[in-house]
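Have a look at the structure below, then the notes.
The values are calculated or read from the model by the stated rules, or taken from the named source; none is laboratory data. Since the structure is predicted, the reported quantities are computational estimates derived from the model, not experimental observations. In this analysis, Cβ positions are derived from the backbone assuming ideal geometry, glycine residues included, and neighbour counts consider all displayed protein chains. Areas reflect the complete protein model, heavy atoms only, side chains present, ligands, DNA and RNA absent. Shrake-Rupley method; radii C 1.70, N 1.55, O 1.52, S 1.80 Å.
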Amino acid sequence: MEKIKDRKIVVINQASNYLTVGFCNAFSAQFESVSLITGSIHIQGEELNKNVKVTPINKWVERPASKKFWSYIKACLKIYWLLLTKYRKHEVFFVSIPPMGYLLNLLVSNRFSILVWDVYPDVFKITGMKENHFLYKTWASLNKKSFKKSFRLFTIGNKMADLLEVYVPRTKMIIQPIWSIFQANERVLKTENPFIKEHNLENKFIIQYSGNIGLTHKVEIVVEIAELLKDNKDIIFQIIGRGPRVPALQKMVEEKNLPNCMFLPFQSDAMFPFSLSAADLGIVILDELTSKGSVPSKSYNLMSYGIPSIYIAGEDSELHDYANQFKAAACFTERELQAAKNFILDLASNKQKWETMSQNALETSKLFRRDNAYKFVELYLNSSFD
């Protein structure tokens, strides 16, 4: 494929993962020059093309919240300076972090595009922030200006596009799904899985939450479902991850005397395929106040391994639509945990139902392959609503 001469683009993400690497590599197949501004690069399978020029900035800090906030501010200032100087003639493709970083397009003259997969300031509703709060109103007002000015505005699902319509006409948006870390069903049999053996999980039906456990993640719902099933000794709940709420959740489990809950740290990249393979049922949680505005990437990883899922999310969420459309998961609201319990018991005892949902998950995962990175680039170059 012949590259477009004299066309330069810089991809920005303070914490780059497999998705950012995929975007960079897809752009490098088309653009003469591709750069990446980032604080860190987490390689998960796909290596960054050696022709992509990397400019380092400060790393993203997960906690405490004060240091996290200042890491965002510091990154924004560095990105702003780089766009005024080194990258002033580059097109910009902004991905994810800092969450306010895309607002820099109001201050620079670059052709600036944005991928939205978490909608701010709407996310702040989880903390109890109201729409009349000064920060919320200010950010919302800036969104309208920023999104209007953007060259391309991508989002990853229809429900998220519904939410963004508050800020920008739908005709301005491009809806394109992302993809899983895993590109094929590489699930390891339980009898051959070192993770199963290490944690003595033979003959257990494993329900797994794996991800961040921060102030905005309602992982206590996992504990509440576990309590409903505490008398079933064959069902185990795993909570894998890190975050400031882990101690509170551990205390909750201790107070409720739940023998069916286990906590584990994030697994290494080498162990991750084995820990994911151990799950019989994945659990994905979105706060109902903001469930329209996000699709956790873990949902795609579970599909790629043929693992059925239970979604705890609002009826207005993308996950709710996924469950209804693809039949690889069941979706319940926070008020339907008894129904969630009954679903789990049915799935754990009905091998044929599990197999059907597993096959549905594998079939659905074909919609979320790495080729989607090239679709982003194609839409970036060829969308016709300029």
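What is the packing order of peptides 65-71, 152-158, 324-330, taking the mean over residues of other C-beta atoms within 10 Å and listing the highest first?
Values: 65-71: 13.0, 152-158: 20.6, 324-330: 17.7.
By packing density, highest mean first, the sequence is 152-158, 324-330, 65-71.
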- Task: Taking the Cα centre of the chain as origin, sum charge times position over the Cβ atoms of Lys and Arg (+1) and Asp and Glu (-1), and report the length of that vector in debye to the nearest 20.
- Result: 1720
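Quick check on segment 280-386: take the gyration tensor over C-alpha atoms, sort the square-rooted eigenvalues as a ≥ b ≥ c, and tell me if it's rounded (a/c under 1.5), prolate or oblate. Intermediate results must be reported in sequence, preceding the final value.
Details: a/c = 3.10, a/b = 1.57, b/c = 1.97.
The shape class here is oblate.
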- Note on the structure: Computed D for segment 57-139, Stokes-Einstein, Kirkwood radius over alpha-carbon pairs, 10 °C, 1.306 mPa s, to the nearest µm² per second, is 114
- With all protein chains in place and a 1.4 Å probe, E227 shows an accessible area in Å² (nearest 10) of 70
- Item | Calculated FRET efficiency for the pair V54/E131, C-beta based, R₀ 35 Å, to 0.05 | 0.35
- Message: Can you compute the modelled spin-label distance between T85 and R170, with each label point 7 Å from Cα toward Cβ, in nm?
- Response: 4.5
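Estimate the FRET efficiency between I73 and D371 by the formula 1/(1 + (r/R0)^6), using the beta-carbon distance for r and 25 Å for R0, to the nearest 0.05. Write down the numbers at each step before the final one.
Numbers: r = 36 Å, r/R0 = 1.46.
So the FRET efficiency works out to roughly 0.10.
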- Between F266 and F151, what is the spin-label point distance in nm, taking each point 7 Å from the Cα along the Cα→C-beta axis? 3.1
- What accessible surface, in Å², does a 1.4 Å probe find on L106, ignoring ligands, DNA and RNA and rounding to the nearest 10? 60
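So how do L48, L36 rank on accessible area, 1.4 Å probe, biggest first, that is with the largest at the start? It would help to have the intermediate numbers written out before the result.
Details: L48 40, L36 0 Å².
Largest accessible area first, the list is L48, L36.
Any idea what diffusion coefficient segment 203-342 gets from Stokes-Einstein, in µm²/s, Kirkwood Rh on alpha carbon pairs, 37 °C, 0.692 mPa s?
This corresponds to a translational diffusion coefficient of 217 µm²/s.
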- When all protein chains stay in place, what accessible area (Å², nearest 10, 1.4 Å probe) is found for H90? 20
- Message: Taking every alpha carbon pair in the chain, what does the distance histogram look like in 20 angstrom bins from 0, in percent?
- Response: 27, 57, 16, 0
